[in-house]
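Student: Following this message is one structure expressed as structure tokens.
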Amino acid sequence: MPLSRNVDRVATRKSTSRHALNYLHYGIREGDLLHISQVPRGLSCECVCPACHKSLVAKKGRQREHHFAYASGNSCQHAIETALHLAAKDVLARRREIVLPAIEIRFPYDKSVNYDFSTKVVTIAPEQHYQLDSVELEHRVSEIIPDVLAKVKNRSLLIEIRVTHKIDERKLKKIQDLNMSCIEIDLSNMPRNFSEEDIEKWIIEAGPHKRWIHNVTIEQRRQRILSQATSRPLFTNRILLTEFVCNCPLEEHAKSYWINEKRYADFMYECVYCKHFLAKDYERGSVICDA
Ligand SMILES: [Zn+2]
């Protein structure tokens with residue numbers, strides 16, 4: 001078995017470059033996801049399409065890359081993407097390991113505004129390799145069904161695999177409300193003629209395609225940093241139509257707005273880009289600042 005599997009892998013890699021087609025390399029048999037290299041040729045593969053569940057034929061000839069085709073001769077639009085999604089989850093269930101992105105708190109922070117720059121980054125943990133103590137696929141957690149629910153050092157970790165659609169707002173909100181750490185592995189840029197090795201690499205190894213959707217430690221530590229910083233009231237000057245921050249201790253900012261013995265900084269032009277600016281507190285109408 002291992003030998004024939006190796007031979008199959010070599011055959012799979014020798015794809016004919018004339019055919020820029022993406023072949024289906026995975027079928028389902030009795031609920032198991034099987035690679036083309038694991039099944040006998042023809043209809044005796046007894047596999048169905050991962051997406052539409054129609055019968056597949058294993059094409060394992062000498063000319064073309066080994067692949068699955070439809071017994072009916074039809075094709076299926078979603079087969080490869082569905083297979084990718086299933087294969088990704090399968091890697092986690094089999095290998096039970098993953099490199100998680102660094103845990104970093106970025107400032108300025110705003111729940112509603114996504115700043116495209118950071119003036120301060122607090123690193124809590126670097127990118128790191130972890131063993132997963134348990135892996136459950138499509139296991140309901142309260143009102144959501146994450147792709148993967150894993151346990152890492154007695155903590156729950158949700159893993160979302162993105163093939164086409166990114167996580168929707170409703171699911172994101174529920175994950176935040178549950179306050180469970182969750183990463184997204186974005187496979188939308190992964191070549192669709194992926195091999196088994198490719199998918200293992202993308203799922204387990206580090207890269208910019210992995211990001212924290214929500215992280216319990218980040219939320220806790222950010223909250224602590226914000227609560228220990230100074231809250232400086234904001235007021236709007238209706239004539240200048242400008243928001244000013246009271247009591248800015250930085251002379252280089254406050255010099256031009258030194259009124260009645262108090263320093264004022266211009267929120268938009270000075271605070272937002274200042275390394276001491278951490279967040280805007282909308283409820284209290286203030287700026288949270290560590291200067
Ligand atoms: Zn199908």
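To keep it simple, each residue is scored yes or no on (1) part of a loop (DSSP other than H, G, I, E, B); (2) among the hydroxyl-bearing types (Ser, Thr, Tyr); (3) more than 24 Å from GLU127 (Cβ to Cβ).
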site	(1), (2), (3)
GLN63	yes, no, yes
SER72	yes, yes, yes
ILE80	no, no, yes
ALA83	no, no, yes
LEU86	no, no, yes
LYS89	no, no, no
ALA93	no, no, no
ILE98	no, no, no
GLU104	no, no, no
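Student: While we're on this one: If only one of GLU127, GLU143, GLU138, GLU160 is acidic (Asp, Glu) and within 19 Å of ASP198 (Cα to Cα), which one is it?
Tutor: GLU160
Student: So, one more: Scanning for something without any contact (Cβ under 8 Å) to a residue 60 or more places away in the chain, closer than 30 Å to VAL287 by Cβ and not assigned by TED's automatic domain parsing to the domain that holds LEU33, does the range 98-108 turn up at least one residue?
Tutor: yes
Student: Restrict the check to the range 51-63 and report whether at least one residue is away from the ligand (no atom under 16 Å from the Cβ) and surrounded by 18 or more Cβ atoms within 10 Å (Cβ to Cβ). I'd like the intermediate steps shown before the answer.
Tutor: Initial filter on the range 51-63 (away from the ligand (no atom under 16 Å from the Cβ)): 60-63.
Then keep just the ones that are surrounded by 18 or more Cβ atoms within 10 Å (Cβ to Cβ); that gives 60.
Checking the range 51-63: at least one residue is away from the ligand (no atom under 16 Å from the Cβ) and surrounded by 18 or more Cβ atoms within 10 Å (Cβ to Cβ).
Student: Further question: Starting from the range 63-77, take each residue that is closer than 15 Å to ASN22 by Cα and list its partners that are modelled with pLDDT under 90 and within 11 Å of the ligand (Cβ to nearest atom), counting only C-beta distances under 7 angstrom and pairs at least six apart or across chains.
Tutor: Close Cβ pairs (under 7 Å, with a partner that is modelled with pLDDT under 90 and within 11 Å of the ligand (Cβ to nearest atom)) amount to TYR70/CYS76.
Student: Could you give every pair whose Cβ atoms fall below 6 Å, whose first residue belongs to the range 40-54 and is more than 15 Å from TYR26 (Cβ to Cβ), and whose second residue is part of a loop (DSSP other than H, G, I, E, B) and among the basic types (Lys, Arg), counting only separations of at least 6 or pairs across chains?
Tutor: Note: pairs meeting the criteria are ARG41/LYS60.
Student: Answer yes or no as to whether PHE68 is farther than 30 Å from VAL48 by Cα and either among the hydrophobic types (A, V, I, L, M, F, W, C) or surrounded by fewer than 12 Cβ atoms within 10 Å (Cβ to Cβ) (or both). Reasoning before the result, please.
Tutor: Working: farther than 30 Å from VAL48 by Cα: no; either among the hydrophobic types (A, V, I, L, M, F, W, C) or surrounded by fewer than 12 Cβ atoms within 10 Å (Cβ to Cβ) (or both): yes.
Answer is no for this residue.
The values are calculated or read from the model by the stated rules, or taken from the named source; none is laboratory data. Just so you know, these numbers come straight off a predicted model, no measurement behind them. Glycine also receives a Cβ, built like all others from the backbone with ideal geometry; neighbour counts cover every protein chain displayed.
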